[in-house]
Amino acid sequence: MERATAAVRPIESRSVADQVMSELRRSILAGDLAPGREFSLREVAEMLQVSIIPVREALRSLESQGLVHMRPGRSAVVAPLDLDELRGIYRLRRRLEPEIAQRSCRLLSDADLDRLRHDATEFGDEHRTIHEIYEAHHAFHLALLSPAATAWDLRILITLWRAAERYIRIGFGRLDPDPDEHWRREQAHQELLDAFRQRDPEVVAAAVHQHLAHNEQIALLALRS
């Protein structure tokens, strides 16, 4: 009997363009490539020791993510920070996340909340930067909301979180040298978990709304400095 044609193909190694895109994205999100920084494609190709072709492909992908603006010729500029954009992102998050949290607080088990409490203690480690905890922080909020989130809720949430990622990494990264900021991060997330433990949808909605509003103000102040 002949073998059936494979339904999926084996995973191939990432293309050079994908690798260039990942490295440039990391540098932009961390602020190493500063907002407004202009650079030539040749400059990037020389830094990464690749040809110009994958650099151009990578920059087009980053442009579609709103992280760079391509210029006529062979140059690009890192997209400037737009604080009105950040306000708009948080405005949408405050409309969506408290409502999902109201339903999710009755679906999460005590064991789930115990695990998340342990995770939140990691946010208070003054030796870990926002870049080192960002993915764990993202997973923390996803775990709080996902029990009640539809597939479309998650698509929209993840889109908003990705749009805010550069602002969060750069803004809160500027606060990393202050040990009190690390303590505040832990406390803010422990207080959020305390609200979820009450299983009261109104209490949870208010706590999530306050958490988002407070973080927005902290990020805006840090980015203005």
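Here are a few things to note about the model shown:
- Residues considered: ALA149, ALA45, ALA205. Largest GNM mean-square fluctuation over the chain, using C-alpha springs under 10 Å, is found at ALA45.
- A Gaussian network model of the chain, with springs between Cα atoms under 10 Å, assigns the largest mean-square fluctuation among ALA120, ALA17, ALA151 to ALA151.
- Here the extension length gained between GLN19 and THR121 equals 33.4 nm, from 0.36 nm per residue of separation less the Cα-Cα distance.
- CD proxy at 222 nm, helix term only [per DSSP H run n ≥ 4: -39500 (n - 2.57); per residue of the chain; nearest 500]: -22500 deg cm²/dmol
- Between ILE156 and GLU46, the C-beta separation translates, for a Förster distance of 35 Å, into a calculated FRET efficiency of about 0.35.
- Contour minus Cα-Cα distance for HIS214 and SER27 (0.36 nm per residue): 64.6 nm
- In this structure the amide hydrogen of ARG71, modeled in the peptide plane, comes within under 5 Å of the amide hydrogens of ALA76, VAL77, none closer than 5 places in sequence on its chain.
- Neighbourhood charge, 9 Å Cβ-Cβ cut-off, centred on ALA207 and excluding it, Lys, Arg +1 and Asp, Glu -1: -2
- Positive-end residue of MET47, TRP183, ILE170, charge dipole of the chain with Cβ unit charges: MET47
- Mean separation of Cα contacts under 8 Å (6+ apart) over length of the range 83-224, as relative contact order %: 44
- Against the chain, whose longest principal axis is taken from its Cα atoms, helix 151-173 shows a tilt of about 80°.
- Distance from the range 19-64 to the range 189-225 (C-alpha centre basis), Å: 35
- Counting neighbouring Cβ atoms within 10 Å and putting the fewest first, the residues GLU132, GLU85 line up as GLU132, GLU85.
- For the residues GLY124, GLY88, GLY31, a GNM of the chain with alpha-carbon springs under 10 Å puts the largest fluctuation on GLY88.
Values quoted throughout were computed directly from the atomic coordinates according to the rules given, and no laboratory measurement underlies them. In this text, all values refer to a predicted model and were calculated from it rather than measured experimentally. Because the Cβ atoms are built from the backbone with ideal geometry, glycine has one as well, and the counts that use them run over all protein chains shown.
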